[in-house]
1. For R62, state whether it is among the charged types (D, E, K, R) and either modelled with pLDDT under 95 or within 24 Å of A319 (Cα to Cα) (or both).
2. Can you give me the ranges of the helices (runs of 4 or more DSSP H) entirely in the range 177-253 with at least 1 residues that are within 21 Å of E304 (Cα to Cα)?
3. Can you say whether A108 is over 14 Å from L142 (Cβ atoms) and aliphatic (A, V, I, L, M), as far as the supplied structure shows?
4. Need the failing condition index for S97 against (1) within 19 Å of D165 (Cβ to Cβ); (2) touching a Pro at 6+ places or on another chain (Cβ under 8 Å); (3) of a type in the set (G, A, S), just the number.
5. How many of the residues in the range 315-330 are surrounded by fewer than 16 Cβ atoms within 10 Å (Cβ to Cβ) and either of a type in the set (K, R) or touching a helix residue (DSSP H, G or I) at 6+ places or on another chain (Cβ under 7 Å) (or both)?
6. Touching a strand residue (DSSP E or B) at 6+ places or on another chain (Cβ under 9 Å) and assigned to a strand (DSSP E or B): is that true of V35 in this structure?
7. Is one or more of the residues making up the range 262-278 in a loop (DSSP other than H, G, I, E, B), modelled with pLDDT under 95 and touching a helix residue (DSSP H, G or I) at 6+ places or on another chain (Cβ under 6 Å)?
Amino acid sequence: MSMYGLHRVVEPAGVLPQQADRLDADPRPRPDEVVVDVERLNLDAASFRQLSEQYGSGEAVRAAVLDIVGRRGKMHNPVTGSGGMLLGTVREAGPESPLGLKPGDRVATLVSLTLTPLRITDGLANWDGRTEQVPCEGTAVLFGRSIAAVLPDDMPDHLALSVLDVCGAPALTYRVVCVAARDGDPSVLVLGGGGKSGSLSLAAARRAGASRVIALVPTEREAKAVDAVGLADEVVIADARDPVAVSKAVGGQVGVTIVCVDVPGCEHGAILATADGGTVVFFSMATSFSAAALGAEGLAADVEMIIGNGYVPGHAEFALDLIRSEPGVRELFEARERQTSQA
């Protein structure tokens with residue numbers, strides 16, 4: 001038995017669960033595992049966008065998700081390589097589990113669905129395939145080295161799940177901007193500043209002492225929404241996939257660029273917008289890291305590039321505190337959910 005879940009890998013042998021083609025999702029826990037009765041999945045933005053664009057109808061998207069989970073024993077989109085996270089109630093905790101969870105705890109997992117053994121037992125009958133949040137019945141397994149957060153009781157579950165889904169982004173943004181502030185250039189650009197991780201990152205950058213915070217969004221509608229809640233000093237409009245348009249919209253280069261978009265092709269714009277000696281943090285699962293590395297080389301850009309891995313100690317508490325203390329962030333989250341429900 002392994003705290004990393006190696007015993008759950010069906011094939012190929014010798015890889016970690018995230019790399020596996022298929023996992024064993026048997027709901028009987030090993031001594032250090034926790035079994036969760038699943039209530040809701042939260043598909044990551046890049047994965048949901050890709051599935052929606054490929055399959056079109058909600059019914060076809062639902063069938064695709066069922067097929068992926070059925071074949072792989074986890075929600076691991078084979079195109080984007082990403083998954084999401086889930087909400088549920090602890091059914092059983094093994095006697096050696098170090099997670100501190102007990103039966104009846106309502107939790108959100110803070111590890112990716114790409115490495116979480118998952119069964120769906122209701123055929124996703126209550127999901128129309130048109131939203132990132134997926135009502136679901138089934139079971140999931142957490143390993144000894146997994147992470148989960150007990151859901152807060154001061155906000156709706158759907159809001160907490162949305163926040164916790166992206167909680168790594170604001171925590172790492174805060175850390176990086178604090179370093180930049182000490183080194184002299186705390187100006188920050190957030191690509192995708194109107195989205196979930198983007199709005200939280202705007203608030204985190206300001207809390208970390210950013211001298212100037214710029215949000216880049218793709219539409220006038222998003223620009224008005226972000227500007228109205230006051231999360232950025234400046235809101236600019238450009239297609240993040242167009243490096244020249246990004247550079248023109250931003251004006252001068254910044255010390256830190258945070259990439260929170262859910263479409264591919266945004267690497268070069270982020271690099272071009274960042275001053276030599278600055279930092280680019282890629283949070284999007286649509287990022288091509290070869291494009292980023294080769295693009296920086298081709299531009300002779302002396303920038304540090306960081307992969308946001310979704311985990312920073314204390315990230316869940318930090319993100320929940322932002323949603324509680326920054327009304328503008330919560331307003332954007334709730335507006336996004338209203339738009340989704342009306343779509």
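1. On the way: among the charged types (D, E, K, R): yes; either modelled with pLDDT under 95 or within 24 Å of A319 (Cα to Cα) (or both): no.
No; evaluated as a whole, the condition is false for this residue.
2. Values: elements: 196-207, 220-229, 243-250.
Fully inside the range 177-253 and qualifying: 196-207, 243-250.
3. no
4. Answer for S97: the failing condition is (1).
5. Taking the range 315-330 first, the residues surrounded by fewer than 16 Cβ atoms within 10 Å (Cβ to Cβ) are 317, 321, 324-325, 327.
Now narrow it down to the ones that are either of a type in the set (K, R) or touching a helix residue (DSSP H, G or I) at 6+ places or on another chain (Cβ under 7 Å) (or both): 324.
Here the count works out to 1.
6. Details: touching a strand residue (DSSP E or B) at 6+ places or on another chain (Cβ under 9 Å): yes; assigned to a strand (DSSP E or B): yes.
Yes.
7. Just the residues of the range 262-278 that are in a loop (DSSP other than H, G, I, E, B), to begin with: 262-266, 273.
Now restrict to residues that are modelled with pLDDT under 95: 262-266.
Keeping just the survivors that are touching a helix residue (DSSP H, G or I) at 6+ places or on another chain (Cβ under 6 Å) gives 262.
Yes, the conditions are met somewhere in the range 262-278.
Here's the yes/no breakdown for (1) at pLDDT 95 or above; (2) of a type in the set (V, I, T); (3) on the phi > 0 side of the Ramachandran plot:
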residue: V35; (1), (2), (3): yes, yes, no
residue: G56; (1), (2), (3): no, no, yes
residue: R72; (1), (2), (3): yes, no, no
residue: M75; (1), (2), (3): yes, no, no
residue: S82; (1), (2), (3): no, no, no
residue: E92; (1), (2), (3): yes, no, no
residue: S97; (1), (2), (3): yes, no, no
residue: L101; (1), (2), (3): yes, no, no
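The values are calculated or read from the model by the stated rules, or taken from the named source; none is laboratory data. This structure is a prediction, so every number in the text was calculated from the model and none was measured. Every residue, glycine among them, receives a Cβ derived from its backbone with ideal geometry; neighbour counts consider all protein chains shown.
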